Amino acid sequence: RIHGGGRCLLDRPYYLVLADEGPQPRLAMVIAERLNDVFHAAGDRLGKVAEAKVQGKPLVIASVPPAYRLNPNRFLLVARQVPLVPVEPDGAYRKQLENELLRPETALVSAIKLEALGVDSRQPLRVGLQSESPWVRFASAEALAYLGHPDGAKDLADLAKSHPALRSHCLTALASMDDAISLDQLVELMKDKDTSLRYGAFHALRTADKTHAAVRGRLVNGSYWLHNVADGSEPMVHVTADRRCEVVVFGTGCPLRGPFSFPLGNEFTVTCRAEGGPVTVTRVTTKNGEPVAVPKECPAEMTSILVAIGELGGTYTEAVELIKRADMAESVVGVVAHDAAPKGLPVQALAQIARNDPSLERADLQVLQNGSTGIVQASHELPSEADSIKAPPTPEPPGLNREPGRIFGPK
């Protein structure tokens, strides 16, 4: 069991199986060629994205391009929309998609189809950034990000602040771009006041570049990662209980109010005798059968105390208990959050909601109330017009019964 998780170094491609019963090796070769044309032009540094296998049942072996490494479901969704025949720049299909992009109810689906046409769609997507509709701006900026263009980076950051329903998608798109502009936007978002937005921006930036100076951390006692980020912003402490042993301290050190005294497990105590005074971390060990107290003094800041506990041999258990006890005693100057990753809806669900919710109010409310954590794709099909979610009709009140009969039923 690898408690900190592992990373697979083997290539894990997707196998696209043709739906037709009869063998069609020529069709598999055409699909592979079209995928290579579209995604190689989008900035693929690995050469070919797809390869046709014609022995036996024809299929296409497709590797995820670098731009989609953080969102492989997006790659499958876009790849299924690549036309078998190249579309001309002034073709009727492209013109239709450009017009539908500017309508909120069809913007998400049209942007994905324009993304599937390749880098030639950059100009119409840039036009969509000028729209007043948040749906249109989001769809255009997200598609531009996966095409490798940072034109909509500022729009993605603004939409992440304003609309919780789009937050996880916006942060993933910003992290997917190999561009300094998008990373700078994530650094600024870590200074925001919203708890989920701050941690979501940190997680996105660390996923994009774990060596970035703004998210660089230290491994404490070989037990957990400690990050002190967003200097000068409002203090906040975030604890992760899933997949990674991690404590993220936002602001400068995150001061603690004294006086306080906390026992941590059976061996540690953390004591501050006066407000603003130093903190003494003490560990009681056994030497030659006798208990020995080993003290260590540090400033009254969460980061310094966690480091001191680690230097005395403390683990993630003592770190989490310290944060919990300090929060219960209201000693932390700031917010304490646990697993505050942004919630989100699949893009298919967003596309359906957009048809009846041009202002995004309904989508934001649904995510804040009962949205699922992260982005979970139910399928790789785009919603059709028949899938539109409509409000159920209001039932008519039942009419009065003109022949009620006996009050207590039949005789």
Helices (runs of 4 or more DSSP H) contained entirely in region 109-180, each with at least 1 residues that are closer than 17 Å to N71 by Cβ and at pLDDT 95 or above: 134-146, 153-162, 164-176
Qualifying positions in region 100-123 - open to solvent by 20 Å² or more (accessible area, probe 1.4 Å) and farther than 20 Å from L35 by Cα: E100, L102, R103, P104, E105, T106, Q123
Filter result for S168 (touching a Phe, Trp or Tyr at 6+ places or on another chain (Cβ under 6 Å), open to solvent by 10 Å² or more (accessible area, probe 1.4 Å) and of a type in the set (S, T, N, Q)): no
Note on region 54-99: residues within 14 Å of V347 (Cβ to Cβ) and open to solvent by 30 Å² or more (accessible area, probe 1.4 Å) are P72, N73, R80, Q81
Cβ contacts < 8 Å: first residue part of a strand (DSSP E or B), restricted to region 335-362; second residue of a type in the set (D, E), any location; separation 6+ or different chain. Result? V335/E234; V336/D327
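State yes or no: is V38 crowded, with 21+ Cβ neighbours inside 10 Å and closer than 14 Å to L16 by Cα? If you could, list the steps in order and put the result at the bottom.
Working: crowded, with 21+ Cβ neighbours inside 10 Å: yes; closer than 14 Å to L16 by Cα: no.
No: the conditions fail for V38.
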E381 is checked against (1) closer than 29 Å to M236 by Cβ; (2) modelled with pLDDT of 60 or more; (3) not small (G, A, S) and fails just one. What number does that condition carry? (1)
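Tally time: how many residues in region 69-89 are aliphatic (A, V, I, L, M), under 13 Å from S176 (Cβ atoms) and part of a helix (DSSP H, G or I)?
Applying the first criterion (aliphatic (A, V, I, L, M)) to region 69-89 yields 70, 76-79, 82, 84-85, 87.
Still in the running and under 13 Å from S176 (Cβ atoms): 70, 78.
If we keep only those that are part of a helix (DSSP H, G or I) too, we end up with 78.
Residues flagged as aliphatic (A, V, I, L, M), under 13 Å from S176 (Cβ atoms) and part of a helix (DSSP H, G or I) within region 69-89 amount to 1.
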Any chance you could count how many residues in region 282-305 are farther than 19 Å from E330 by Cβ, among the aliphatic types (A, V, I, L, M) and either in a loop (DSSP other than H, G, I, E, B) or modelled with pLDDT of 95 or more (or both)? 0
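Filter region 283-298 down to the residues that are surrounded by fewer than 17 Cβ atoms within 10 Å (Cβ to Cβ) and either on the phi < 0 side of the Ramachandran plot or hydroxyl-bearing (S, T, Y) (or both) and list them by number.
Scanning region 283-298 gives V284, T285, T286, K287, E290, P291, V292, A293, V294, P295, K296, E297.
Which one is nearest to the chain's Cα centre (by Cα), of the residues in region 222-253 that are among the polar types (S, T, N, Q) and assigned to a loop (DSSP other than H, G, I, E, B)? If you could, list the steps in order and put the result at the bottom.
From region 222-253, those among the polar types (S, T, N, Q) are 223, 228, 233, 240, 252; that's our starting set.
From the residues that got through so far, the ones that are assigned to a loop (DSSP other than H, G, I, E, B) too are 223, 233, 252.
On the way: S223: 25, S233: 22, T252: 25 Å.
Checking each candidate, the answer is S233.
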Scanning region 184-221 for residues that are within 16 Å of S162 (Cα to Cα) and outside any helix (DSSP H, G or I), which turns out most open to solvent (accessible area, probe 1.4 Å)? K193
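The values are calculated or read from the model by the stated rules, or taken from the named source; none is laboratory data. Remember, it's a predicted structure, so these values are computed and weren't measured experimentally. Glycine gets a Cβ as well: all are built from the backbone with ideal geometry, and neighbour counts include every protein chain shown. When the accessible area is computed, the model is the full protein with side chains, heavy atoms only, and any ligands, DNA or RNA have been set aside. Shrake-Rupley method; radii C 1.70, N 1.55, O 1.52, S 1.80 Å.
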